[in-house]
Amino acid sequence: MRFSSHIGTLGLAALIFGTGLTACNKKADSPNEILIGEYGSLTGGTATFGQSTHKGVSMAVEEINAAGGILGRKIKVITEDDQGKPEEAQTVVTKLISKDRVSAILGEVASSNSLAAAPVCQQNRIPMVTPASTNPKVTQIGDYVFRICFIDPFQGLVMAKFTFNSLKMKKVAILRDIKSDYSMGLADFFKQNFMAMGGEIVSDESYSQGDKDFNAQLTSIKGKNPEAVFVPGYYTEVGLIARQARKLGITGPLMGGDGWDSDKLWEIGGEALNGCFFSNHYSVNDPSPAIQNFVSVFRTKYGGETPDAMAALGYDAAKVLFDAIRRAGSDKPDSVRMALTQVQGYSGVTGSITLNENRDAVKPAVVLEVKDGKFAFKETVAP
Ligand code: PHE
């Protein structure tokens, strides 16, 4: 998306680095619609993240508008593709704020993209709600930035405990993505917790998002003879890593976090992933009526597709935001921000959502096992 013709380079610099174009936010409420921005990776190496989130958001929008909207007005979501790139995320969010004048923003999934765009929201005082970015630094950007998911210190602990206590494995290697704030953080949180339990990290290797050949790192890992390999990356690389690891004779499970969750994971990695485990935000096998109802409505709406965690989190994030606008009685960004600080016990598909003083949700995680293209539920871990 190009916006330079609209505000020009100086305007952009002011928007990103300055005190913000406050005048933009002082628009009168538009009479018929409430405008919300959404940014995500609709294309690129993490495309299912943005696409799934968008499906969840769209479902929430349809439901609220069918019920008459909020404050007598319909919700309109303006969606921008950032191609999964941090610079592009910053650009499209700038456009959503300066040109579209949205009241609030939903996104992103990948933490590095949220970290790139959140300062633009903060400086322009537009509330941003990320459905799925789990790196702790995201909400530390400022008091306009919220998330409705758990954070990686918890996710790292969940997988360390599962590896050490449930699998009874004590020697683990790590293979992390140095281009991803999420991967770097989660690798560190796993490592700290695993070592504190008495586990040993026998190797800590890295790659860069977009890489295709992991043989050098995997050969070095194999030489250290770990019982399991922790690979907290995104599904595209994880699928390739699994294949290459099996070819080299690494037989132990690969372990990871929510970044594995995609129907593309199995397409890329196939059988090499059987018996591997990852933590996630919800399980479609959970018999809870909230989840089963969501899964069945989603399937009907999207041609039988099973909603992954991002779809559920996108749906929840949109509904938490709508509820905040309703409670605020206004779509003025400052009023919406204030209402977001008071989210308590909101009953979402992904669990009960309460935002703490850091604007993070505190929620349970699930551990899933990859089994012939399905993700089988293993256990729930409470915060
Ligand atoms: N938690 C990941 C991140 O912060 C994003 C993600 C969330 C990916 C949920 C898949 C499912 O980068």
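With each label modelled as a point 7 angstrom along the Cα→C-beta vector, the residue 354-residue 67 pair spans 2.3 nm.
Quotient of the Cα radius of gyration of the chain and 2.2 N^0.38 Å, N being its number of residues: 0.98. Residues 236, 53, 341, ranked from the fewest to the most other C-beta atoms within 10 Å, line up as 341, 236, 53. Taking 239, 44, 198 in turn, the Gaussian network model of the chain (Cα-Cα springs below 10 Å) assigns the largest fluctuation to 198. Rounded to the nearest 10 degrees, the angle from helix 4-17 to the longest Cα principal axis of the chain is 70 degrees.
In the stretch 124-272, a dipole from Cβ-located charges (positive for Lys and Arg, negative for Asp and Glu) runs towards its positive end, and of 127, 145, 169 it is 169 whose Cα lies farthest in that direction.
For a footprinting-style exposure proxy, rank 378, 319, 99 by other Cβ within 10 Å, fewest first.
99, 378, 319
Considering only 205, 38, 237, the mean-square fluctuation computed in a Gaussian network model of the chain, springs between alpha carbons under 10 angstrom, is largest for 205. Comparing 361, 116, 196 in a Gaussian network model of the chain where C-alpha atoms under 10 Å apart are linked, the largest mean-square fluctuation is found at 196. Among residues other than residue 182 with Cβ under 14 Å from its Cβ, the summed charge is -4 (Lys and Arg +1, Asp and Glu -1).
For the stretch 103-184, the set of trypsin sites (Lys or Arg not before Pro) satisfying both a DSSP loop assignment and a count of at most 10 other C-beta atoms within 10 Å is given as 168. Calculated FRET efficiency, residue 290 to residue 204, Cβ-Cβ distance, R0 = 51 Å: about 0.85 to the nearest 0.05. Placing +1 on the Cβ of every Lys and Arg and -1 on the Cβ of every Asp and Glu, with nothing else charged, gives the stretch 302-383 a dipole about its Cα centre of roughly 200 debye.
A short reminder: the numbers here are calculations on the coordinates, not readings from a lab. Computed from a predicted structure; not experimentally measured. Note that each Cβ is placed from the backbone with ideal geometry, even for glycine, and that neighbours are counted across all protein chains shown.
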